[in-house]
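The next block holds one structure in the form of structure tokens; read it before the comments.
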Amino acid sequence: MTRPAGVDAPSLEAGQLRGLLEALIAHHGRLDWWPAETAFEILVGAVLTQNTAWRNVERAVANLRAEALLDAEALLEAPAERVAAAIRPAGYFNVKAQRLRNLCRAYLEAGGLEGMRREETGPLRARLLAVQGVGRETADDILLYALERPVFVVDAYTRRILARLGWIAGDEGYEALRGAVEAALGPDPAAFNELHAQIVALGKETCRPRPRCRGCPLSGACAHAAGAAAGA
């Protein structure tokens, strides 16, 4: 039976996560995520990346830049159809155009980037989550990457990889898993940034739904890989 969201937070150790981070950096090199020219571009990318590949986000952002729409006021003043046409490569373009406009309103109401930087993390996270179309992962992307707050981003790759390692059950709620990582590593935005980026890279390239265990830098410590090897 799946446990209710937020119940039975897993216990993760700092040594586990630091070792995971070191192994992935040794494998991929440092990734220095998020690729963007400005913090506002990160806000835009956090919405556009919902349910699509990053290459599609890059195309959509390039279109917005070419249309002089990488600005909150410009996005709000432009016709919705123009914004939707620019972000078409990211998919769900009509929905995402509205979500971008919702976020831009909240961004300006908060006083822009400087206003957000003056706000405490908890209230700011609540403000972002109140924006229609901004869920927990999107809000935490913005907090971590645009504002450098000590908030870890949980995604499907995180859940898959930690479950295969045998460190979590895999059915923990978002907040429980986020809290476990943050408790283990302490308030370390740089570590959260690099760890999330490294996990995403491993999930895309190696630890796929059908994993490529032979080329994985974690296979020696992975419960899933050990079980697969025993079965073979």
Check your understanding: What span do the alpha-carbon atoms of region 90-202 cover on each of the three principal axes, reported in whole Å from largest to smallest?
Key -> 43, 33, 22
Check your understanding: Angle, helix 93-109 long axis vs. longest principal axis of the chain, Cα atoms, 0 to 90°, nearest 10?
Key -> 80
Point to revise | Percentage relative contact order, the chain, counting C-alpha pairs under 8 Å, at least six apart | key: 29
Review point. In region 43-200, with Lys and Arg counted as +1 and Asp and Glu as -1 at Cβ, which of these residues, Leu143, Ile199, Ala183, has the Cα nearest the positive end of the dipole, that is, farthest along it?
Key: Ile199
Revision key, fill the gap. With all protein chains in place and a 1.4 Å probe, Thr38 shows an accessible area in Å² (nearest 10) of 80
Review point. How big is the charge dipole of the chain about its Cα centre, in debye rounded to the nearest 20, if each Lys and Arg gets +1 on its Cβ and each Asp and Glu gets -1 on its Cβ?
Key: 880
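What number, in percent, do you get for the relative contact order of region 86-174 if the mean sequence gap of Cα pairs under 8 Å and at least 6 apart is divided by its residue count?
Details: 53 pairs, mean separation 15.9, N = 89.
This gives 18 percent for region 86-174.
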Review point. In region 112-232, carbon and sulfur make up what percent of the accessible area (probe 1.4 Å)?
Key: 51
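When ligands, DNA and RNA are left out and all protein chains stay put, how many square angstrom of accessible area per residue does the chain have with a 1.4 Å probe?
48
May I have the convex hull volume per residue, in Å³, for the Cα set of the chain? The partial results should precede the final answer.
Working: hull volume 30.5 nm³, N = 232.
Considering the Cα atoms of the chain, their hull volume per residue is 131 Å³.
Quickly estimate the mean residue ellipticity at 222 nm for the chain, helices only: each DSSP H run with n ≥ 4 gives -39500 (n - 2.57), and the total goes over all residues, rounded to 500.
Details: 13 runs with 138 residues, N = 232.
Rounded to the nearest 500, the figure is -18000 deg cm²/dmol.
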Exercise for review: Quote the relative contact order of region 120-232 in percent (integer), defining contacts as alpha-carbon pairs under 8 Å separated by 6+ residues.
Suggested key: 25
Check your understanding: Helix 156-165 versus the longest principal axis of the chain: what is the Cα-based angle in degrees, 0 to 90, to the nearest 10?
Key -> 10
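The values are calculated or read from the model by the stated rules, or taken from the named source; none is laboratory data. On a predicted model such as this, the values are computed, not experimentally measured, just so you know. As a convention, Cβ positions derive from the backbone with ideal geometry for all residues, glycine included, and neighbour counts pool all protein chains shown. Calculation scope for accessible area: heavy atoms of the full protein, side chains included, ligands and nucleic acids excluded. Shrake-Rupley method; radii C 1.70, N 1.55, O 1.52, S 1.80 Å.
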